[in-house]
Amino acid sequence: MHLLELHNIKKYYATQKAVDDISFNIEQGSIFGLLGPNGAGKTTLLRMITGIFFPDSGEINFHGEKFDPLRDSAAIGYMPEERGLYKKMKIGEQALYLAQLKGLSKAEASERVKEWFVKFEMQSWWNKKVEDLSKGMSQKLQFVTTVLHNPKLIILDEPFSGLDPVNANLIKEEIFNLAQKGSTIIFSTHRMEQVEEICDHIILLNKGKKILDGTVNNIKQEFKENIYSIESASASVNNTLSSDLFSVVSHAGNKMQIKMKPGIATNEVLQYFINNGVSINGFNEVMPSLNEIFIKLVEGTDTARQFQKI
Amino acid sequence: MNKIGLIISREYFTRVKKKSFLITTILVPLVIVAFYGIIIAITIKGGTDKQAIAIIDKAGLLNDSIALKNKNIDFAFIKNETENSFIKKYKTQGYQAFLFIPAIDSGFVLHSQASVSLTTISSLEKIVNKAIEEKRLLAQGIDPAKYKSIAADVNIDNTIDTKEGGKKSVAFLASAVSFACGILIYMMMIIYGTQVMRGVMEEKTNRIAEVIISSVKPFQLMMGKILGIGAVGLTQFAIWIVLIFMMQLALPLIFPDMLQQLNSSAEAGGKAAMAANIAQGFSSLPLLKIGVSFLFYFLAGYLTYASLFAAVGSVVSEDQQEAQQLMFPILMPIILGFVIMTKAVNEPNSSLAVFGSLFPLTSPIVMMGRITYDIPVWQLALSVVLLIGCFLFFTWITGKIYRTGILMYGKKPSWKEMMKWAFKKL
């Protein structure tokens with residue numbers, strides 16, 4: 001079932017088409033990656049999904065019904081890229097306040113806050129102020145305030161920026177946990193290695209348009225270039241090795257990468273090496289990283305968005 | 001709705017629980033009372049430094065007796081000197097100034113090295129005038145003592161007829177109360193208005209606005225902040241009134257000898273009579289009307305301006321200077337109101353005062369300046385209606401500027417852009 005459906009969403013600013021006719025669906029319980037270079041329109045899109053902005057045209061359906069920010073905001077947790085907390089407010093009170101604004105009763109809110117504070121070892125922070133926290137600490141607090149009310153849809157904009165590996169792992173674990181319990185997570189970032197690790201499904205935006213949509217595996221399959229890496233037992237593989245089966249991409253010591261010609265099966269290549277007396281230790285397909293796909297797709301377009309008349 | 005209540009209570013309690021709130025709330029009345037205490041103490045002691053003024057009396061206008069009549073000035077008569085010769089000497093002889101009297105009725109000159117205070121000049125003028133008067137009376141063959149018994153010096157008492165009978169009014173008290181009310185509203189509007197602005201700026205620069213607006217409507221956030229801070233203002237006010245009242249009761253207990261000194265001083269009779277007068281004057285004022293109108297004009301005036309301040313806070317980013325620039329057009333009508341109010345206190349029914357008390361941007365201040373006087377009912381009603389209308393209109397407009405501005409970062413929008421936000425349909 002689709003938790004969220006976007007149909008032909010458009011949002012134009014005075015000089016930019018921030019979001020230009022974007023449609024996609026998000027499965028319930030999935031971790032969804034929203035990728036794109038700076039200024040691609042990610043934040044604007046997220047703000048429309050959270051009900052902060054209204055789209056100029058198009059339709060958003062939440063749970064199969066037309067999205068109503070007032071009713072549905074309680075089911076959404078949003079952690080914006082620029083973290084926002086009251087600097088002078090006590091941390092415990094602040095978490096309670098934000099949870100109550102999401103519609104929890106005071107007792108409920110206080111119970112949940114305590115639960116999460118124990119989980120993240122933050123009990124001693126209760127009476128501190130945000131200005132006393134380090135960047136990483138306030139990041140953790142922000143994450144807690146985002147998920148306190150058990151939202152069905154959790155939107156995280158760059159959740160790991162500023163976190164050390166230990167805390168990043170802690171939050172990553174929590175994200176998997178929440179997804180397993182049925183929450184749907186939208187994860188916006190431009191850090192590709194995290195996306196590969198976490199996301200099931202991604203879309204890539206550039207200049208307000210969707211240029212890629214699919215599961216991580218499918219996309220990799222789609223963009224693979226038939227490159228294999230071969231590791232031989234001895235370092236002395238003949239340099240001149242080449243045939244009409246493949247071409248050598250790189251060669252270092254006992255490792256080499258080859259690009260297969262179209263229509264050639266892997267066994268034919270192995271056969272070729274065996275026939276040439278090379279003993280093989282490893283033979284792997286090299287999948288492109290999302291990073292490479294990202295750069296390939298975005299490269300060549302202007303890196304900076306230009307102002308335009310609409 | 002429940003959420004706006006949450007926002008109000010957060011705005012209210014974070015401010016009220018602050019130490020600075022407690023300190024200003026308690027210190028301000030203390031300072032005011034201490035200030036009065038010091039003024040009273042100084043007046044009783046009368047410890048102004050004495051001035052020494054020399055007089056060269058070529059006309060024989062003044063006789064030596066006047067030297068005793070002024071307690072702040074020591075007079076000395078200089079003989080055997082001319083105006084020109086003494087100019088070089090009076091400073092070294094320890095006189096601050098010298099008065100030269102060439103003839104009986106003209107050409108009086110006071111020589112000094114720095115300008116002389118108004119009180120000194122006026123007391124000199126009084127002395128000289130009196131001496132001239134006496135000379136003239138004698139020249140006409142009238143006995144000065146007889147003249148004194150003839151001359152009239154009448155005070156007219158103003159009695160205000162209320163349901164409980166006539167009450168003696170004290171003119172200066174009515175205008176003082178009006179003035180105080182006007183100033184208070186003026187101060188409260190600026191102090192709490194800028195607090196609203198700073199609060200909005202804080203939310204915007206901390207980026208918390210984005211988190212909160214994903215839970216509540218921007219308008220709820222804005223109104224919650226405005227109402228919460230307004231409640232802080234009212235609380236502070238209530239505490240002040242109670243404290244000042246208590247202080248005035250406690251003052252004689254703390255300084256028991258102060259009242260004694262008051263009584264024993266030479267003007268004791270006058271002071272006691274004055275105190276009785278003031279008490280009577282207070283009871284002649286329409287206190288209920290003043291209280292109710294104060295509450296209304298404070299709230300309505302504050303709400304009208306607070307929404308403007310909130311809009312300013314939402315469009316500027318961290319830059320304080322930008323905020324100052326945008327605040328200026330908002331402060332203008334407040335200051336204008338203050339200026340009109342100072343005039344209205346003395347002439348409550350002049351056309352300027354009537355205009356100022358109807359025009360909604362100045363009415364909260366100006367109307368309070370007229371409040372102790374008799375204001376036609378139609379004017380009060382019209383002023384209330386206009387003010388409420390203005391408040392609703394501003395809140396509607398600024399709400400829209402706020403909802404766009406609070407999420408915009410980067411450059412300050414132009415007036416044209418803001419107007420566009422204000423009038424666009426959502």
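The values are calculated or read from the model by the stated rules, or taken from the named source; none is laboratory data. Remember, predicted model here, so these are calculated numbers, not experimental data. Here the Cβ is made from the backbone with ideal geometry for all residues, glycine too, and neighbour counts use every protein chain on show.
Here are a few things to note about the model shown:
- Out of A:Val118, A:Val113, sole residue that is more than 12 Å from every other protein chain (Cβ to nearest Cβ), aliphatic (A, V, I, L, M), surrounded by 21 or more Cβ atoms within 10 Å (Cβ to Cβ) and without any contact (Cβ under 8 Å) to a residue 60 or more places away in the chain: A:Val113
- If only residues of the range A:45-66 that are crowded, with 21+ Cβ neighbours inside 10 Å and touching a residue at least 60 places away in the same chain (Cβ under 8 Å) are counted, the one that is nearest to the other protein chains (Cβ to nearest Cβ) is A:Thr50.
- For the range A:265-277, the set of residues classified as at pLDDT 80 or above and either loosely packed, with under 11 Cβ neighbours inside 10 Å or outside any helix (DSSP H, G or I) (or both) consists of A:Ala265, A:Asn267, A:Asn275, listed by residue number.
- Subset of the range A:65-118 [farther than 20 Å from B:Gly5 by Cα and among the aromatic types (Phe, Trp, Tyr)]: A:Phe67, A:Tyr78, A:Trp116, A:Phe117
- Qualifying residue in the range A:122-132 (condition: of a type in the set (Val, Ile, Thr), within 11 Å of chain B (Cβ to nearest Cβ), crowded, with 21+ Cβ neighbours inside 10 Å and in contact (Cβ under 8 Å) with a residue 60 or more places away in the chain): no
- Single residue of the range A:10-20 satisfying the filter (among the hydrophobic types (A, V, I, L, M, F, W, C) and surrounded by 22 or more Cβ atoms within 10 Å (Cβ to Cβ)) that is nearest to A:Phe67 (Cα to Cα): A:Val19
- Residue match in the range A:136-153 (condition: surrounded by fewer than 22 Cβ atoms within 10 Å (Cβ to Cβ), away from every other protein chain (no Cβ under 12 Å) and over 30 Å from B:Tyr12 (Cβ atoms)): yes
- The range A:177-198, residues that are among the hydrophobic types (A, V, I, L, M, F, W, C) and either within 24 Å of A:Trp116 (Cα to Cα) or without any contact (Cβ under 8 Å) to a residue 60 or more places away in the chain (or both): A:Leu178, A:Ala179, A:Ile185, A:Ile186, A:Phe187, A:Ile198
- Filter result (free of Cβ contacts under 8 Å to residues at least 24 places away in the same chain and either among the aliphatic types (A, V, I, L, M) or facing chain B (nearest Cβ under 7 Å) (or both)) within the range A:67-77: A:Leu70
- Close pairs (6 angstrom Cβ cut-off, 6 or more residues apart or separate chains): on the phi < 0 side of the Ramachandran plot in the range B:127-148, surrounded by 10 or more Cβ atoms within 10 Å (Cβ to Cβ) and aliphatic (A, V, I, L, M) anywhere: B:Ile127/B:Ile66; B:Ala131/B:Leu61; B:Ala131/B:Leu62; B:Pro144/B:Leu137; B:Tyr147/B:Leu137
- Qualifying residue in the range A:179-192 (condition: more than 15 Å from the chain's Cα centre (by Cα) and within 14 Å of another protein chain (Cβ to nearest Cβ)): no
- The set of residues in the range A:94-107 that are within 14 Å of chain B (Cβ to nearest Cβ) and either loosely packed, with under 15 Cβ neighbours inside 10 Å or at positive phi (or both) comprises A:Gly103, A:Ser105, A:Lys106.
- Taken together, B:Lys400, B:Lys420 contain a single residue that is part of a helix (DSSP H, G or I), surrounded by fewer than 19 Cβ atoms within 10 Å (Cβ to Cβ) and within 14 Å of chain A (Cβ to nearest Cβ), which is B:Lys420.
- The selection criterion, being part of a helix (DSSP H, G or I), modelled with pLDDT of 90 or more and more than 20 Å from the chain's Cα centre (by Cα), does not hold for B:Ala323.
- One residue from A:Phe176, A:Phe187 being surrounded by 19 or more Cβ atoms within 10 Å (Cβ to Cβ) and under 19 Å from A:Val144 (Cβ atoms): A:Phe187
- Taking helices (runs of 4 or more DSSP H) as the structural unit, those lying wholly within the range A:133-226 and holding at least 2 residues that are out of contact with any Lys or Arg (no Cβ under 6 Å at 6 or more places or on another chain) and over 30 Å from A:Pro262 (Cα atoms) correspond to A:135-147, A:165-180, A:192-198.
This table checks each residue for (1) within 24 Å of the chain's Cα centre (by Cα); (2) within 28 Å of A:Thr43 (Cα to Cα).
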site	(1), (2)
A:Gly84	yes, yes
A:Gly103	no, yes
A:Arg112	no, no
A:Met122	no, no
A:Ser138	yes, yes
A:Thr146	yes, yes
A:Ile154	yes, yes
A:Asp157	yes, yes
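- Within the range A:78-93, residues that are within 7 Å of another protein chain (Cβ to nearest Cβ) and touching a residue at least 60 places away in the same chain (Cβ under 8 Å) have Cβ atoms under 8 Å from residues that are surrounded by fewer than 21 Cβ atoms within 10 Å (Cβ to Cβ) and in a loop (DSSP other than H, G, I, E, B) in these pairs: A:Pro80/B:Arg207; A:Leu85/B:Asn206, counting only partners at least 6 apart in sequence or on another chain.
- Spans of helices (runs of 4 or more DSSP H) in the range B:198-273 with at least 3 residues at pLDDT 60 or above, away from chain A (no Cβ under 14 Å) and surrounded by 15 or more Cβ atoms within 10 Å (Cβ to Cβ): B:218-254
- Enumeration of residues in the range A:182-202 that are of a type outside the set (S, T, N, Q) and in contact with a strand residue (DSSP E or B) (Cβ under 8 Å, 6 or more places away or on another chain): A:Ile185, A:Ile186, A:Phe187, A:His190, A:Met192, A:Val195, A:Ile198, A:Cys199, A:Asp200, A:His201, A:Ile202
- Residue list for the range A:278-310, filter: loosely packed, with under 11 Cβ neighbours inside 10 Å and modelled with pLDDT under 65: A:Asp302, A:Thr303, A:Ala304, A:Gln306, A:Phe307, A:Gln308, A:Lys309, A:Ile310
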